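Heads up, the thing below is written out as structure tokens.
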Amino acid sequence: MPLQLIPVITVFECSPDRGRGLARDMRVRWALEEVGQPYEVRLVSFEAMKEPPHRALHPFGQIPTYQEGALALFESGAIVFHIAERHAGLLPEDANARARAITWMFAALNTVEAPILDLQTAMYQEGDKPWHEQRLPLVKDRIRDRLGELSERLGNAEWLDGAFSAGDLMIVSVLLRVRPSGLLDEYPNLSAYVARGEARPAYKRAFDAQLAVFMANSRGGE
Ligand code: GTB
């Protein structure tokens, strides 16, 4: 019988999102919970992230990383894809449906997350720039364009392409990052879609686990 390897992922020792599940370890935790794969976490401080031992795992000095025996991965999308490929439950058996689910994973990272990250940059790193007030509406409108298109495609469906897949997991994870801005609320079907993701037992287990790390390492969550 093959030895069962328990994967180890790295996560923020004290997440700047204060346990709201917005850091990128959340999507990896969620995928592991969906497929029923137990895992361990290793907490990393901002300082340790930039030190050579962590950079050997992650060239950009970030979280999450994923180790499984001799295999070391970085990039949340690649990690979720690896989990989805190795376990049943996140990618359809049918080859074409599988390819479409993988397409949604790429769409989440390349097409939907990109303008959302622009907004985070605009809000947290460019707030003091003289052009900030002029740029912000443009950045928000680019997000609205993407959300509108996604909303149109989803329509009244439960998930993007049949059964829940790694594609939905990634799209929901990305949409959660824009929700604090209020923009998601402008698209009721997308809000409901995200809520369906959050209602999944695997999501809840993953969320509770990352919150527990924050509470334990933030002097009572202050
Ligand atoms: N493309 C990579 C991936 O998908 O894995 C991006 C990884 C990444 O950006 N990791 C972030 C990190 O390590 C954590 S998730 N940052 C530390 C650094 O770069 O020095 C990003 C994040 C941070 C904070 C919040 N928040 O407070 O809400 C949300 C998301």
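The values are calculated or read from the model by the stated rules, or taken from the named source; none is laboratory data. Remember, it's a predicted structure, so these values are computed and weren't measured experimentally. Here the Cβ is made from the backbone with ideal geometry for all residues, glycine too, and neighbour counts use every protein chain on show. Just so you know, the surface numbers come from the protein's heavy atoms only, side chains and all, with ligands and any DNA or RNA stripped out. Shrake-Rupley method; radii C 1.70, N 1.55, O 1.52, S 1.80 Å.
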For the chain, what does -39500 (n - 2.57) per DSSP helix run (n ≥ 4), summed and divided by total residues, give at 222 nm, in deg cm²/dmol to the nearest 500?
-> -17000 deg cm²/dmol
Binned Cα-Cα distance frequencies in region 59-131 - 10 Å width, integer % | 16, 34, 31, 14, 5, 0
Just the number, please: carbon plus sulfur as a percent of the accessible area of the chain, 1.4 Å probe, no ligands or DNA/RNA counted.
-> 53
Give me the orientation-averaged projected area of the Cα convex hull of the chain, in nm², one decimal.
-> 13.8
Based on the alpha carbon coordinates of region 100-222, what radius of gyration and maximum Cα-Cα distance (Dmax) apply, in Å?
-> 16.0, 47
In nm, give the distance between the simple-model label positions of Ala163 and Leu138, each being 7 Å from the Cα along the Cα-to-Cβ direction.
-> 4.5
Per residue, how many Å² of accessible area does the chain show with a 1.4 Å probe?
-> 52
Judged on accessible area alone, 1.4 Å probe, highest first, Phe46, Phe12 line up as Phe46, Phe12
The chain: relative contact order from alpha carbon pairs under 8 Å, six or more residues apart, as a whole percent, is 27
Ranked from highest to lowest mean number of other Cβ atoms within 10 Å per residue, what is the order of the peptides 177-183, 25-31?
-> 25-31, 177-183
Computed from the beta carbon distance with a Förster radius of 25 Å, FRET efficiency for Val35 and Ala56 to the nearest 0.05 stands at 0.40
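Expected output is a single nm value to one decimal: the length gained when fully extending between Glu198 and Arg18, i.e. 0.36 nm times separation in residues minus the C-alpha distance. What is it? Write out the running numbers ahead of the final one.
Values: separation 180, 0.36 × 180 = 64.80 nm, distance 1.76 nm.
So the chain would gain 63.0 nm between Glu198 and Arg18.
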